[in-house]
1. Given the criteria in a helix (DSSP H, G or I), within 15 Å of the chain's Cα centre (by Cα), small (G, A, S) and at pLDDT 95 or above, does A103 qualify?
2. Which of (1) closer than 24 Å to V178 by Cβ; (2) in contact (Cβ under 8 Å) with a residue 12 or more places away in the chain; (3) surrounded by fewer than 15 Cβ atoms within 10 Å (Cβ to Cβ) is the odd one out, the single condition A255 does not satisfy?
3. Looking at A70, is it assigned to a helix (DSSP H, G or I), in contact with a Phe, Trp or Tyr (Cβ under 9 Å, 6 or more places away or on another chain), surrounded by 18 or more Cβ atoms within 10 Å (Cβ to Cβ) and at pLDDT 95 or above?
4. Within segment 122-135, does at least one residue satisfy the condition of being modelled with pLDDT under 95 and touching a Gly at 6+ places or on another chain (Cβ under 9 Å)?
5. What's the number of the condition P50 fails, among (1) farther than 22 Å from A166 by Cβ; (2) modelled with pLDDT of 95 or more?
6. Which residue out of D62, D40, D112, D94 is charged (D, E, K, R) and modelled with pLDDT under 95?
7. Among (1) modelled with pLDDT of 90 or more; (2) in contact with a helix residue (DSSP H, G or I) (Cβ under 9 Å, 6 or more places away or on another chain); (3) farther than 25 Å from C132 by Cα, which single condition is R20 missing?
8. Quick check on segment 82-91: of everything there that is modelled with pLDDT of 95 or more and surrounded by fewer than 17 Cβ atoms within 10 Å (Cβ to Cβ), which residue is farthest from R51 (Cα to Cα)?
Amino acid sequence: MASLLAMLERRPPKRAAIQRLRQLGETNLAQALDAAFAGDPRPAALLRDPRLAGPLEALLGDRAARRRSAAAEALGHLADPRPVPALLLALRGDPAPEVRRAAARSLGRLGDRRALGPLIDSLDVADTATRCEIASALAGIGDERALDRLATALHDYDAGVRRAAAIALGRIPNARSVAPLAAALRQERQSAVREAFVRALGQIESPARLPPLIRALDDSSDLVVIAAAHALASSGSPKAIAALTARSRWPAFRAVREACEAAIRAIREATGQWGAELAPATAPSGTGSEAVPDIPPAPDSEEGYPP
């Protein structure tokens, strides 16, 4: 068994070797490798057997792009950092874009900081789809050294990259990302990207996020406004109540009003600063709030009342 696995690690798995694994009783291992050989990474990703790392890494050298892609994808699910150098080679040098994207995703899942520098460098030179995956991978690693490069990517020529960079900044929350997100939000023309900027601002716990989020309540996109209302609700700041109240009175999309009203309630519940129209009712003394005194029944009636 050990010699067979060693052989699979030295060169890409072959059908005969996979069949031999079945004969040795390693059915799950054989099925996972057989699926990867056919271009399907899911069985190996679900099995997560560390013995798969060597054979899958060898499969990165296969001639077929679908096999290299499956191997790169599956390696990210094994929680084994040994294939990181091989995945970096695939990220920077594989001719197939699907392999480069799979390598980026796996590097993000593994979260190994050895990949940080190469991922940052590749964010400048990779193809568009791969750069989106690289931004997500940097968020998976979660190192603040990536913040400046992600902030620069907020102004990328491709909307998908700008959106991916914003999502990544939200997943690495740091107060210094508020200014570049706010500046990019002012200039962004794509509503889906503006929504991502607003959501990212909502994930960063900093008072500096309030002004751009309040400005976003005036956005032309209902989805951006709803995202801003949710972000302001999570901030819990009473400074947002006036703007939310004004926005809730617009004759606009019902979901916008409901989001603003829900945000107001959430902020007041969190702070205890209730407005007169939403304050819990409390009855003053003498208006029916006192306990009712015991009144003995009248003696003339069986039920306690006069006949």
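The values are calculated or read from the model by the stated rules, or taken from the named source; none is laboratory data. A quick note: this is a predicted structure, and the numbers were derived from the prediction, not measured. Note that we place each Cβ from the backbone using ideal geometry, even for glycine, and neighbour counts take in every protein chain shown.
1. No, not satisfied.
2. That leaves (1) as the condition not met.
3. Yes.
4. yes
5. Going through (1) farther than 22 Å from A166 by Cβ; (2) modelled with pLDDT of 95 or more one by one, P50 breaks only (2).
6. D62
7. So the condition that R20 fails would be (1).
8. The selected residue is L89.
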